[in-house]
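> The structure under discussion is supplied below as structure tokens; questions concerning it will follow.
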Amino acid sequence: MELRRADLGKHPLWYSNQGWRARIGIIYPGAGFHHIGDFHKLAPKGVAVGAAAVPRHKDESAEAMMHLDEKVVETAKILAASQPDVIGWICTAGSFMKGKGHDERLVLEMEAATRIPCTTTSTAMMAAFRQLGIKKLSMCTPYPNPVNVIEKKFLEDNGFKVLKCEGLDLVDNNILAHLPPSVLYRLAKAVDTPDSDGVFISCTGIDALDVIEALEQDLGKPVVTSNQAAYWMCFKLAGIGEPIQGYGRLMREPRTRTAEERERRLAAV
């Protein structure tokens, strides 16, 4: 949101110390806590978050995941009332399960409903791959195999090659959310192949952020996680360009908005 003199006094949040630089609205599946925790690890000074949860189904089965996005547009409209600069749907499966192009349709529906620049995790992860020059990747997930098959197809339909994919076959959200970083570190190392340009750790509901730096040093290639990519894109859309240290190559690179992203922001004002 661009500040205009005529609007002074209309929005009390502008006078607070929260989000004086940018405000990011996030939507995430209920019962998750890494979504907000990872934001606070990554956010530069002056960037604040407002969050809203959508109902989460009881498990991580493919059938349940097909319904994750049902309340996203409605929830985006609620978040829009607080005038965030960007709104992100922080859920990987909830933006790839319905196939190629569904993430783009979600973005268009969210932006039409809110007049605020929006993104999804799947949109962001593919933009991150392109930013880092990743065309062939290795992927690990906590998901059951039917979900992995759908994600692999989604990525390959969008022009990427998944050389190797392994999942933990978890359907219990409580177990998934409490996976120790050591499990994710070893899983990511196990899926790496010499021919992959990078490694992707999928799912916003896992504690993967802190293993990125060690993996990049040990594997000698970029590592992308769902929350890292989602917040990289949210900061980019909000015009927050400073490098962020300690969470991988993606976050260290300057984030410059494209002409299309600048136009979307201006159109939303």
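The values are calculated or read from the model by the stated rules, or taken from the named source; none is laboratory data. None of these values were measured; they are calculated from a predicted model. Here the Cβ positions follow ideal geometry from the backbone for every residue, glycine too, while neighbour counts run over all protein chains shown. Accessible surface areas use protein heavy atoms only, side chains included; no ligands, DNA or RNA. Shrake-Rupley method; radii C 1.70, N 1.55, O 1.52, S 1.80 Å.
> May I ask you to list the residues in the stretch 223-258 that are in contact with a strand residue (DSSP E or B) (Cβ under 8 Å, 6 or more places away or on another chain), open to solvent by less than 10 Å² (accessible area, probe 1.4 Å) and more than 20 Å from TRP20 (Cβ to Cβ)?
Hits for the stretch 223-258 are VAL223, VAL224, THR225, SER226, ALA230, GLY248, LEU250.
> Mind telling me which of the residues THR193, THR204 ends up being open to solvent by 10 Å² or more (accessible area, probe 1.4 Å) and of a type in the set (Ser, Thr, Tyr)?
Values: THR204 fails: open to solvent by 10 Å² or more (accessible area, probe 1.4 Å).
Result: THR193 is the single residue among THR193, THR204 that is open to solvent by 10 Å² or more (accessible area, probe 1.4 Å) and of a type in the set (Ser, Thr, Tyr).
> Continuing with the same structure: Can you name every residue in the stretch 207-233 that is closer than 19 Å to ASP169 by Cβ and modelled with pLDDT of 95 or more?
Filtering the stretch 207-233 down to residues closer than 19 Å to ASP169 by Cβ leaves 207-208, 226.
Matches in the stretch 207-233: ALA208, SER226.
> Something else about it: Please work out which one of (1) under 24 Å from LYS45 (Cβ atoms); (2) among the small types (Gly, Ala, Ser); (3) within 17 Å of the chain's Cα centre (by Cα) is the condition GLY246 fails and give its number.
Just one mismatch for GLY246, condition (3).
> Looking at ILE78, ILE134, ILE175, can you tell me which residue is more than 18 Å from VAL199 (Cα to Cα) and in contact (Cβ under 8 Å) with a residue 24 or more places away in the chain? If you could, list the steps in order and put the result at the bottom.
Working: ILE134 fails: more than 18 Å from VAL199 (Cα to Cα); ILE175 fails: in contact (Cβ under 8 Å) with a residue 24 or more places away in the chain.
After applying the criteria, what remains is ILE78.
> Which is modelled with pLDDT of 90 or more, among the hydroxyl-bearing types (Ser, Thr, Tyr) and either in contact with a Ser or Thr (Cβ under 7 Å, 6 or more places away or on another chain) or under 15 Å from PHE235 (Cβ atoms) (or both), of SER82, SER95?
On the way: SER82 fails: either in contact with a Ser or Thr (Cβ under 7 Å, 6 or more places away or on another chain) or under 15 Å from PHE235 (Cβ atoms) (or both).
Going through SER82, SER95 in turn, just one is modelled with pLDDT of 90 or more, among the hydroxyl-bearing types (Ser, Thr, Tyr) and either in contact with a Ser or Thr (Cβ under 7 Å, 6 or more places away or on another chain) or under 15 Å from PHE235 (Cβ atoms) (or both): SER95.
> Now a separate question. Is it the case that the stretch 97-109 has a residue that's of a type in the set (Asp, Glu) and either open to solvent by less than 10 Å² (accessible area, probe 1.4 Å) or closer than 15 Å to SER226 by Cβ (or both)? Walk me through it before giving the result.
Within the stretch 97-109, the first condition is being of a type in the set (Asp, Glu), and the residues that meet it are 103-104, 109.
Keeping just the survivors that are either open to solvent by less than 10 Å² (accessible area, probe 1.4 Å) or closer than 15 Å to SER226 by Cβ (or both) gives 103.
Yes, the stretch 97-109 contains a residue that is of a type in the set (Asp, Glu) and either open to solvent by less than 10 Å² (accessible area, probe 1.4 Å) or closer than 15 Å to SER226 by Cβ (or both).
> Can you pull out every residue in the stretch 26-43 that is more than 12 Å from the chain's Cα centre (by Cα), farther than 17 Å from ILE244 by Cα and open to solvent by less than 80 Å² (accessible area, probe 1.4 Å)?
Selection gives PRO29, GLY30, GLY32.
> Further, regarding this structure: Could you tell me whether the stretch 193-206 includes any residue that is of a type in the set (Phe, Trp, Tyr), in contact with a helix residue (DSSP H, G or I) (Cβ under 9 Å, 6 or more places away or on another chain) and assigned to a helix (DSSP H, G or I)? Working first, answer last.
As a first pass, look at the stretch 193-206 and keep what is of a type in the set (Phe, Trp, Tyr): 200.
Checking the rest, the ones that are also in contact with a helix residue (DSSP H, G or I) (Cβ under 9 Å, 6 or more places away or on another chain) come to 200.
Within this subset, residues satisfying the condition of being assigned to a helix (DSSP H, G or I) are none.
No, there is no match, as no residue in the stretch 193-206 is of a type in the set (Phe, Trp, Tyr), in contact with a helix residue (DSSP H, G or I) (Cβ under 9 Å, 6 or more places away or on another chain) and assigned to a helix (DSSP H, G or I).
> With the structure loaded, tell me whether ASP103 is under 18 Å from PHE200 (Cβ atoms), in contact with a strand residue (DSSP E or B) (Cβ under 9 Å, 6 or more places away or on another chain) and not hydroxyl-bearing (Ser, Thr, Tyr) or whether it fails that test. If you could, list the steps in order and put the result at the bottom.
On the way: under 18 Å from PHE200 (Cβ atoms): yes; in contact with a strand residue (DSSP E or B) (Cβ under 9 Å, 6 or more places away or on another chain): yes; not hydroxyl-bearing (Ser, Thr, Tyr): yes.
The answer is yes for ASP103.
> Is it the case that the stretch 155-167 has a residue that's open to solvent by 40 Å² or more (accessible area, probe 1.4 Å), part of a helix (DSSP H, G or I), within 28 Å of GLU109 (Cβ to Cβ) and in contact with a strand residue (DSSP E or B) (Cβ under 7 Å, 6 or more places away or on another chain)?
Initially, the stretch 155-167 is screened for residues open to solvent by 40 Å² or more (accessible area, probe 1.4 Å), giving 156-157, 159, 161, 163-166.
Next cut, part of a helix (DSSP H, G or I) only: 156-157.
Checking which are within 28 Å of GLU109 (Cβ to Cβ) leaves us with 156-157.
Within this subset, residues satisfying the condition of being in contact with a strand residue (DSSP E or B) (Cβ under 7 Å, 6 or more places away or on another chain) are 156.
Yes, that holds for at least one residue.
> Give the residues of the stretch 207-222 that are among the small types (Gly, Ala, Ser) and open to solvent by less than 10 Å² (accessible area, probe 1.4 Å), sorted by residue number.
We begin by selecting, within the stretch 207-222, every residue among the small types (Gly, Ala, Ser); these are 208, 214, 220.
Of everything in the stretch 207-222, just one residue is among the small types (Gly, Ala, Ser) and open to solvent by less than 10 Å² (accessible area, probe 1.4 Å), namely ALA208.
> Looking at the stretch 30-54, which of its residues are modelled with pLDDT under 90 and either touching a Lys or Arg at 6+ places or on another chain (Cβ under 7 Å) or aliphatic (A, V, I, L, M) (or both)?
Correct list: GLY30, ALA31.
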